[in-house]
Number of protein chains: 4
Amino acid sequence: MVIVMQQGASNQQVDAVIGAVESEGFRAAVNRGEERSVIAVLGVVDSQKVPLTDRFESLDGVERVTLISEPYKLSSRSYRPEGTVVRVRDVEIGGNRVVVIAGPCSVENRTQMLEAAEAARAAGASLLRGGAFKPRTSPYSFQGLGVAGLELLAEAREATGLPVVTEILDPLDLEDVYRFADVFQVGARNMSNFRLLERLGETDKPVLLKRGPSAKLRDMLQAAEYIMKGGNHQVMLCERGVVGFDDACRNTTDINAIPVLKQWSHLPVILDPSHSVGHTRWVPAIARAGMAAGADGLAIEIHPNPPKALSDGGQSLRPEQFLALMEQLRAVARAVGREL
Amino acid sequence: MVIVMQQGASNQQVDAVIGAVESEGFRAAVNRGEERSVIAVLGVVDSQKVPLTDRFESLDGVERVTLISEPYKLSSRSYRPEGTVVRVRDVEIGGNRVVVIAGPCSVENRTQMLEAAEAARAAGASLLRGGAFKPRTSPYSFQGLGVAGLELLAEAREATGLPVVTEILDPLDLEDVYRFADVFQVGARNMSNFRLLERLGETDKPVLLKRGPSAKLRDMLQAAEYIMKGGNHQVMLCERGVVGFDDACRNTTDINAIPVLKQWSHLPVILDPSHSVGHTRWVPAIARAGMAAGADGLAIEIHPNPPKALSDGGQSLRPEQFLALMEQLRAVARAVGREL
Amino acid sequence: MVIVMQQGASNQQVDAVIGAVESEGFRAAVNRGEERSVIAVLGVVDSQKVPLTDRFESLDGVERVTLISEPYKLSSRSYRPEGTVVRVRDVEIGGNRVVVIAGPCSVENRTQMLEAAEAARAAGASLLRGGAFKPRTSPYSFQGLGVAGLELLAEAREATGLPVVTEILDPLDLEDVYRFADVFQVGARNMSNFRLLERLGETDKPVLLKRGPSAKLRDMLQAAEYIMKGGNHQVMLCERGVVGFDDACRNTTDINAIPVLKQWSHLPVILDPSHSVGHTRWVPAIARAGMAAGADGLAIEIHPNPPKALSDGGQSLRPEQFLALMEQLRAVARAVGREL
Amino acid sequence: MVIVMQQGASNQQVDAVIGAVESEGFRAAVNRGEERSVIAVLGVVDSQKVPLTDRFESLDGVERVTLISEPYKLSSRSYRPEGTVVRVRDVEIGGNRVVVIAGPCSVENRTQMLEAAEAARAAGASLLRGGAFKPRTSPYSFQGLGVAGLELLAEAREATGLPVVTEILDPLDLEDVYRFADVFQVGARNMSNFRLLERLGETDKPVLLKRGPSAKLRDMLQAAEYIMKGGNHQVMLCERGVVGFDDACRNTTDINAIPVLKQWSHLPVILDPSHSVGHTRWVPAIARAGMAAGADGLAIEIHPNPPKALSDGGQSLRPEQFLALMEQLRAVARAVGREL
């Protein structure tokens, strides 16, 4: 931690800050510069203690406090330099083979779900997605089928052999979702629902953690930390677009997040091109980009009949579009030394 | 709703869209322009039905779909043009008198809480705030005292007569918080925790709804709708800063939100200058700005000893700073024809 | 400057960085921490030299480089702690009296300009604004009257006694604009047109520098530095809204910028509520907020007949609206201990 | 254009808007809905006329005005559906072969420039870049060698046969840059320097137009329109990262821009991964992503000795890193059906 004093801060103010640093059990290395003084805080900061940044920043004469070490540990690359491979039944995520998670935004009915699952399987997807509990901006929109939707997902898994990824919204649904899901999905709106994260950390099923629309990558790794702290280290990080100033697309795909997260963390990184770009016609280009940038997986929305979808029809691929995209993705995977 | 076709869309594509519009029970008014065709969808869109925007957007030849009417109803100004006054014990929010909600970020211990409450009362605040359940970016930060914190809040209310505003994080805490709080606070991270909002909508206590850091104002009004739909119309909207590209401050205060929300909605509007700007030294200027812009209330963090605070010490006012600010605020309130 | 090494950086890498630091003439204070090493660069960094941040960041093993001292000097508060008062004829900006700059977006014709100027004067504005050279997003929009517009501005100054603020777009127009203007306005799109700034720095007329829509405050002060370096220290900083993710308003008013710039810099700070919020109906609230937050001046667009304006009609006040606003502003000015 | 009236707007207000629409020579199709009235403006809007959006928005009772047709024409895909191929000496940009533009950020001296050029050529780049006039945030940073830099670029072209792309900052430099450059580069800070764009529109050399850091894609196409209107249709659009809320990288690469611009416009699209991500270690991943997303070219910064670079050393590739990247890019190009 580095404490930068204001220009013109008095010697007494500098001394008071040094005293505060030492009273917390650190050493202070002071550089009384010509323009301003800077105090480096030496020693291992135990982040389980009180928020020292705020504490020091509220002292008189302090301009700002800069943290040097990262506030996450278990999710940090240095914790497991070789990288994590998440296992879902017989599928591995984070190894050389890239996985594709495909399925409809919402589980709507039996026919739709089974057709979508079959399209996913036929094109070579590794996992099946589908929402039974849906967080919708408007209370008047379709909110999902609930447990009935989970049952349809299980039936689709039976039919295709694909493990199931599905969203959990509420701690109260934990038992239900646990019973049917192979992977818990935490949606973007819940990335900072820390109580939910903590409960998932106490389970033994993998978690697909989607990035909040305005979460810094640093914050996302701390959200992963909430899960991992409970003992569940099977976490996947999913970029799904962030807020931006342009309205050309639904979100701004933060493609930079892929190499950055791969370097900062040992956890597998997934890209969801469907939410990232938000329009069917542009999904294939962004899916290929994610593959080329080094993602360990892609989560893609497909629907047997998008104009009739109860949610996200405008960004879902039809089965034949998905089949064509998978061909392209296979070629890109090979080009970057991976398989699909 | 207006459907804009792509340039070069065929007549068949236009006709197919018209057919889809009519099959949903609407009339279609078509303008086959020289550059592109535009189809206006006439009739009352029942927003409880399927997401028509997505549906029409996924049809061939469609460039984009623009919604004309707003997706919120109960929170809209037109629903209650005269404005809503929220009542918390004998305090009214949304009338001519502007209210100040003051207190520490976290309840830390009995002395701190009682001192902060006394400072709030002495300076003329109308409501007391304090967090017993704290959502923290890092799992290693102080997470609040829980029920013990709620009890201290109740004691502070006894001592000062000020009603209590406190955050609820988790539906599982509902009974506990209900027992002690006068107002439920929904934090920025939970603005889109729709399950939580729905449960608060079934209670009879007012809700202070904070804006998510990247929520559009339109989305915030839909979040309020989730609460109001359950029958609880005692909702206050709280601007607390949004994400931005500059790191000079903790957040970007969206001061525009105040007049916009006052026009779009009948609900009282509160500004939290402490989180909005994030540094003690700049809180007074932003508090005055909020008052001058027409806020119905201000939520301000104070602490008897900020350098020792367990959270947000860097943005909390000391009692004497708060006292001085309240003087300034009284003058600004008078200047804009209100009282404090 | 602080250089943070990657976790696992080797001793050789640390030594190489120390060598690089010393070869640039600095001392290096190294903290070989348990997690990672941190190197503080001691000595006065001469910012006219090569970009050391980039240089050190490209060395092997370096995680990141953090600058401690600010990259601006002449525009820094510490350069002139007592604050700068800009003088335009007999108007002072930056003193206790707050100034209002009013006028139409574009000079359109003689009648419009004289009516607007008279409305500005009658309501108590101190300076007159109007654009003769207009930067427009579309090449098909009205581009301004050019020199003929400047002549009308001069006539309006004659008629009202109000000094004239007008935009300069192009170094090639410098002589023309210099001849007619009392203050050069640099528009948001030109904040980083460094050649233009350098030329204005060689003149003896004040400059109103508008913030670029995505410029950090730190960058804005460096833009001011480009002007001041040439010897012209009569610079005013103007916040006019920044880009944001919400489309409720034209821009996001960064109200935080006012107290931050007042602390970081000695230059007067102006708020332009018209561009910041972009809709006539919300301009008064934002103007009052700027006044309450401590602005030294406000720049407000007015037009005798907004529906007929050739630019910015949707955000201009009619004369009677402006008159009413000035009354409100006078009350707010008094409330914060200033005059108008 | 669609004009949405406020809820509760009176019949007189609606009629007044209809009158205004018709007085501008359009037909008005009115839908007096139950909630609010909507007026569609029919007829071809001549965008060279006054800003109708603003005009109508300033009428009483109007809630907002939505534009339907795009404000650009010459840069629109529909103007040249088959796509534009830009020719620079014997290099074609926009055809099946993807091009790489490589070179140092700044021309620093003869050795550096010739070494960089040779590294570019050896690895298979098609064009050479290098800045002689540099726009720098700080006035104290290296500002480029000026004409001496242009001469070194020309010498490097002689030595390698690679055509030269270089930035023009100022209309006053036009003759000098024209004499040496094969392609004018307009930097991000100058995307809205419309005077400069107009002058380049009158020349006969291609222009590489970089996107402003907060420019919407729609605005970028209007900037291209400023050039094309003058007769110069040889324009390339270059994404180089936009502002965002996360500080993990220098900018946020807007990878979505590639498929969107390819659909909206016929102009070739280039990605600059170096500025987009801003750190050498992440440049290769983003370069591959751009290739996979469908870019027609990549602009990559290389330097024979990055730690000694006078600008952008932290994001430049060494010759051997560039060579390795080109191998990867060739594989990705083949995977998406193109050559490099």
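The values are calculated or read from the model by the stated rules, or taken from the named source; none is laboratory data. Keep in mind that this is a model prediction, so the values were computed, not measured. Cβ: placed from backbone, ideal geometry, glycine included. Neighbour counts: every protein chain shown.
Screening the range C:274-303 for residues that are among the β-branched types (Val, Ile, Thr) and surrounded by 24 or more Cβ atoms within 10 Å (Cβ to Cβ) and picking the one that is nearest to residue C:336 (Cα to Cα) gives C:286. Identify all residues within the range A:117-159 that are modelled with pLDDT under 95 and of a type in the set (Gly, Ala, Ser); write none if there are none. The answer is A:138, A:141, A:144.
Could you say whether any residue in the range A:184-205 is farther than 27 Å from residue B:137 by Cβ, assigned to a loop (DSSP other than H, G, I, E, B) and more than 9 Å from chain B (Cβ to nearest Cβ)? Checked against the condition, which is being farther than 27 Å from residue B:137 by Cβ, assigned to a loop (DSSP other than H, G, I, E, B) and more than 9 Å from chain B (Cβ to nearest Cβ), the range A:184-205 yields no hits at all. In this structure, residue A:208 does not satisfy being assigned to a loop (DSSP other than H, G, I, E, B), buried (at least 24 other Cβ atoms within 10 Å of the Cβ) and in contact (Cβ under 8 Å) with a residue 60 or more places away in the chain.
Determine whether residue B:78 is more than 9 Å from chain A (Cβ to nearest Cβ), modelled with pLDDT of 75 or more and either part of a loop (DSSP other than H, G, I, E, B) or surrounded by fewer than 19 Cβ atoms within 10 Å (Cβ to Cβ) (or both). Answer is yes for this residue.
Considering C:133, C:194, the condition of being in the same structural domain as residue C:86 (by TED's automatic domain parsing), farther than 15 Å from residue C:105 by Cα and either of a type in the set (Ser, Thr, Tyr) or in contact with a Leu (Cβ under 9 Å, 6 or more places away or on another chain) (or both) is satisfied by C:194 alone.
Scanning the range D:137-170 for residues that are in contact (Cβ under 8 Å) with a residue 12 or more places away in the chain and part of a loop (DSSP other than H, G, I, E, B) gives D:141, D:142, D:144, D:145, D:146, D:161, D:162, D:163, D:168, D:169, D:170.
Have a look at A:299, A:292 and point out the one that is farther than 17 Å from residue A:130 by Cβ, touching a residue at least 12 places away in the same chain (Cβ under 8 Å) and out of contact with any His (no Cβ under 7 Å at 6 or more places or on another chain).
Details: A:299 fails: farther than 17 Å from residue A:130 by Cβ.
Checking each option against the conditions leaves just A:292.
Applying the criterion of being in contact (Cβ under 8 Å) with a residue 60 or more places away in the chain and under 29 Å from residue C:23 (Cβ atoms) to the residues of the range D:314-340, the residue that is farthest from the other protein chains (Cβ to nearest Cβ) is D:323. Scanning the range D:250-262 for residues that are facing another protein chain (nearest Cβ under 7 Å), among the polar types (S, T, N, Q) and in contact with a strand residue (DSSP E or B) (Cβ under 7 Å, 6 or more places away or on another chain) yields D:252, D:256. Within the range D:217-244, how many residues turn out to be more than 9 Å from chain C (Cβ to nearest Cβ) and within 18 Å of residue A:252 (Cα to Cα)? Going through the range D:217-244 one residue at a time, the tally reaches 7. Only residues that are of a type outside the set (A, V, I, L, M, F, W, C) and in a loop (DSSP other than H, G, I, E, B) were counted across the range B:293-340, and they come to 11.
Check the range B:46-60 and report whether any residue there is assigned by TED's automatic domain parsing to the domain that holds residue B:327, touching a residue at least 12 places away in the same chain (Cβ under 8 Å), polar (S, T, N, Q) and in contact with a Leu (Cβ under 8 Å, 6 or more places away or on another chain). No; the residues of the range B:46-60 include none that is assigned by TED's automatic domain parsing to the domain that holds residue B:327, touching a residue at least 12 places away in the same chain (Cβ under 8 Å), polar (S, T, N, Q) and in contact with a Leu (Cβ under 8 Å, 6 or more places away or on another chain). Here's a check for you: in the range C:90-139, which residue that is within 14 Å of chain D (Cβ to nearest Cβ) and more than 21 Å from residue C:190 (Cβ to Cβ) is surrounded by the most Cβ atoms within 10 Å (Cβ to Cβ)? Checking each candidate, the answer is C:108.
All of C:318, C:288, C:338, C:330 fail the test of being closer than 22 Å to residue C:122 by Cα and out of contact with any strand residue (DSSP E or B) (no Cβ under 9 Å at 6 or more places or on another chain), apart from C:288. Pairs meeting the criteria (first residue in the range D:182-203 and on the phi > 0 side of the Ramachandran plot, second residue assigned to a helix (DSSP H, G or I), beta carbons under 9 Å, at least 6 apart or on different chains) are lacking. Assigned to a loop (DSSP other than H, G, I, E, B) and farther than 15 Å from residue A:74 by Cβ, is that true of residue A:173? Judged against the criteria, residue A:173 is not a match.
Looking for something within 10 Å of chain B (Cβ to nearest Cβ) and in a loop (DSSP other than H, G, I, E, B) - is there at least one such residue anywhere in the range C:263-278? Yes, some residue in the range C:263-278 is within 10 Å of chain B (Cβ to nearest Cβ) and in a loop (DSSP other than H, G, I, E, B).
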